[in-house]
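Participant: Have a look at this one.
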Amino acid sequence: MKRIIGIDLGTTNSAAAFWDGDEPRMIPNDRGMNLTPSVVSWSPNGDVLVGESAKNQAVVHVDRTISQVKRSMGTHNTYTVDGDVYSPVDVSALILGKLKDDAEKFLGEAVERAVVTVPAHFGEAARAATIQAGRACGLDVVRIMNEPTAAALCGAGRGEGTRRILVYDLGGGTFDATCLLQDGRTYTVKSTAGDRNLGGLDFDALLLDEVLSAFGEQTDIDLRAHPALLQQIRDSVERAKVELSTRNSVDVALPFIGLGGAAVHLSHTVDRDSFSALIAPMLRKTIKITLQVVREAGFGVQGIDALIVSGGSSRIPLVHTYLKRSLGLDEVHMINPDEVVALGAAVQAGMIERGVDTVRVTDVVAQSLGVETYGNHFVPIVRRNTPIPARGKRVFTTVSDEQTVVEIHILQGESDEVTGNTSLGRFVLSGIRKAPQGEARIEVVFEFNEDGMVSVSAFDVDTGVRHSVSIAPESDRASSERGASGLEAIRSRVQMLFDRLRSDIDAELAAETSQFLKLAWDSDSAGTEETYEIVTALEALADELSSYADVAEVRSAGS
Ligand code: AMP
């Protein structure tokens, strides 16, 4: 059986570990460090740097360096360096590729499979993008694992008995709180919640603002206008923040800044109390989420047997103060908060390697999944915190007489309104029996499998007409046979609008749409630039057409 490694693909740092036969062990990188900065940089001569060297180069080549790519996973953001355009998947593939290379050097064997961790609240698109990034660098991602589950697997022991575990994970870019029930070798996630935009980088940003404002007041110089200097100051600020976890006061100093010939000295003292006051509102938010998760798990604050803290930012003393106060603890014990997730992934990797399924992990759906209904409403069909594999169904009906087509718009999130949630894709169910409004019965079924993939089907109960889609890893660049989002969704949407338009509204526009549609259908080069051009053109047309024709809507008939 070939080796499987565990990877914590982090916002600021990434790490890899393996199962050595008895226990999980970290895999050091080529510099002997267990953490590799999740930073990619292109040197002027075209070399691609990943990790510490890329981070160092960020100071001189800000515009050639990419960091925090994890925050963009699953989005259509792009990065341009030297005229070349990179997607978040491309950049993450470079980071994963570096971890893979370092692991191969350390272990002395080829590594082709990995368990990769993601934040519990990562949506489908971000999970799919993570799998794609692995594939792009030659790593088969055999399992996507939620970070808190990994931390629990490493940190909570693998003994007998029942334990209620709370994982508080505060990293560079994200926060998660998760409650798990460990019963012998079975881990059941009871509840999870988080914030994708809350972490050490936000604390850095607050502190940086303070330093820059103070400097601006003293000197009338706006350092924000000097990107290279700003990067150096950002690094000093982060170092100062880290030191404040063990010292009461530190200096953010940058001697002899040369600006317009004049040498200026930057020095600003920060003490722990003022830093604590700065970040307190954000930390209180993490505690609020934590208490909500504990309540949802039905544990009760007194009932927690093990608290596991993970993520570099969990070293901040105020985090411990808040956790102790809110959970009624005397002490917060920490084991390697930076490594616990990678080690947990290695525990899981080791189990898959050995084919021993004695430890069972049951996860929950992190964000509710559902559809849009009439009037911008979101109707959840699988609610968050439902154990995976999850299945949910609901019956809907038509909003107009003789309506034969409905569009199913798949969404993820907790807002009652469509616009407050993330769109995962759309598809069309046509061939519905003609009937007065409200008579047709359309059953929509959601299934969420153990790999975090969603399949959705719509079924006309009377005619038996059915359409299903899976939101697969390639969904962002789906070919015409696959995928609810991406190309196919846009095609279906435009086709539907076109069908309605052809008969009675604007023949010229319809002809133009038809031409574009043909182009898109004939193209089997999903993922290429031409395809994206077509998609963009179709999107623009779809928007334009929307103003002529109302998209067929479905509304809840109650269930
Ligand atoms: P992670 O995403 O888990 O790698 O966490 C990285 C974040 O933790 C970065 O924002 C670091 O600045 C922060 N960090 C690491 N060590 C400390 C520390 N001792 N005190 C405060 N923040 C830290």
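Participant: Carbon and sulfur atoms: what percent of the 1.4 Å accessible area of segment 33-164 do they account for?
Facilitator: Percent of accessible area from carbon and sulfur atoms in segment 33-164: 47.
Participant: Quick one: what are the phi-derived ³J(HN,Hα) couplings along segment 362-368, Karplus 6.51/-1.76/1.60 with θ = phi - 60°, whole Hz, x for glycine and proline?
Facilitator: Per-residue couplings from phi come out as 10, 9, 10, 5, 7, 9, 4 Hz.
Participant: Right, next: Given a Förster distance of 41 angstrom, what is the FRET efficiency for Asp30 paired with Thr186, based on the Cβ-Cβ distance and rounded to 0.05? All intermediate terms of the calculation are to be shown ahead of the outcome.
Facilitator: On the way: r = 39 Å, r/R0 = 0.94.
Efficiency, from the Cβ-Cβ distance: 0.60.
Participant: Then there's this: Would you pull out the residues with amide H under 5 Å of Val39's amide H, same chain only if 5 or more places away, H placed 1.01 Å from N?
Facilitator: Gly51
Participant: Could you give the accessible area per residue of segment 285-421, probe 1.4 Å, as a whole number in Å²?
Facilitator: Heavy-atom SASA per residue in segment 285-421 reads 43 Å².
Participant: Let me ask you something else. Sequence-distant or interchain residues sharing an amide H contact under 5 Å with Thr386, placed H: which?
Facilitator: Val365
Participant: Per residue of segment 419-427, in order, report the coupling 6.51 cos²θ - 1.76 cosθ + 1.60 (Karplus, θ = phi - 60°) as ³J(HN,Hα) in whole Hz, putting x for Gly and Pro.
Facilitator: With the stated coefficients, segment 419-427 comes to 5, x, 10, 9, 7, 9, x, 9, 8 Hz.
Participant: How far apart, in nm, are the 7 Å Cα→Cβ label points at Leu291 and Ala253?
Facilitator: Simple spin-label model gives 4.2 nm for this pair.
Participant: I've got another one for you. For segment 200-277, just run the numbers: alpha carbon Rg, then divide by 2.2 N^0.38 Å, N being how many residues it has.
Facilitator: Working: Rg = 12.2 Å, N = 78, 2.2 N^0.38 = 11.5 Å.
This ratio for segment 200-277 stands at 1.06.
Participant: By how many nm would the segment from His76 to Asp271 lengthen if fully extended, with 0.36 nm per residue of separation less the alpha-carbon distance?
Facilitator: Separation in residues times 0.36 nm, less the Cα-Cα distance, equals 66.2 nm.
Participant: Can you compute the modelled spin-label distance between Asp462 and Gln218, with each label point 7 Å from Cα toward Cβ, in nm?
Facilitator: In this crude spin-label approximation the distance works out to 7.7 nm.
Participant: So for each of 281-287, 35-41, 404-410, 370-376 I average, over its residues, the number of other beta carbons within 10 Å; can you give me the resulting order with the highest mean first?
Facilitator: 35-41, 404-410, 370-376, 281-287
Participant: For the pair Asn449 and Asn376, what calculated FRET efficiency results from E = 1/(1 + (r/R0)^6), where r is the Cβ-Cβ distance and R0 = 35 Å, to the nearest 0.05?
Facilitator: 0.75
Participant: Report the net charge of residues surrounding Glu104, where surrounding means a beta-carbon distance below 14 angstrom and charges are Lys +1, Arg +1, Asp -1, Glu -1.
Facilitator: Overall, the nearby charge balance is +1.
Participant: Treating cross-link reach as a plain straight distance, find the lysines whose alpha-carbon is under 20 Å from the alpha-carbon of Lys2, omitting any fewer than eight places away in the same chain.
Facilitator: Lys98, Lys100, Lys105
Participant: With each pseudo-label sitting 7 Å past Cα toward Cβ, what's the Arg135-Gln437 distance in nm, one decimal?
Facilitator: Taking the two extended label points, one gets 4.3 nm.
The values are calculated or read from the model by the stated rules, or taken from the named source; none is laboratory data. This structure is a prediction, so every number in the text was calculated from the model and none was measured. Cβ sites come from the backbone with ideal geometry, for glycine too, and all protein chains shown count toward neighbours. Surface accessibility is based on the protein's heavy atoms, side chains included, excluding ligands, DNA and RNA. Shrake-Rupley method; radii C 1.70, N 1.55, O 1.52, S 1.80 Å.
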